[in-house]
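Here is the structure we will look at, set down as structure tokens.
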Amino acid sequence: MNIPPPPSAEVLNFIRDNLAIARRLAWISTIHREYLEHLEDLARIHNLKI
């Protein structure tokens, strides 16, 4: 099995930066999903058409 050479510092920084961004986006989307679920629950409680 061939093991690829280690990535350059530039590639590692790119991965690190994009991982940080992806984690923030995932956290934001979790909050948005919870907010959406909350609004859907309120709409059902108040018999709003969604």
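A short reminder: the numbers here are calculations on the coordinates, not readings from a lab. It should be emphasised that the depicted structure is a prediction, and the values quoted were computed from it without experimental measurement. Quick reminder, even Gly has a Cβ in these numbers, built from the backbone with ideal geometry, and neighbours come from all protein chains shown.
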(Q) List pairs: first residue in segment 32-50 and free of Cβ contacts under 8 Å to residues at least 40 places away in the same chain and hydrophobic (A, V, I, L, M, F, W, C), second residue surrounded by fewer than 10 Cβ atoms within 10 Å (Cβ to Cβ) and not in a helix (DSSP H, G or I) anywhere in the structure, Cβ distance under 6 angstrom, at least six positions apart or on different chains. (A) ALA43/ILE50
Q: Within the chain, track down each residue that is part of a loop (DSSP other than H, G, I, E, B) and either surrounded by 10 or more Cβ atoms within 10 Å (Cβ to Cβ) or not small (Gly, Ala, Ser) (or both).
A: MET1, ASN2, ILE3, PRO4, PRO5, PRO6, PRO7, HIS46, ASN47, LEU48, LYS49, ILE50
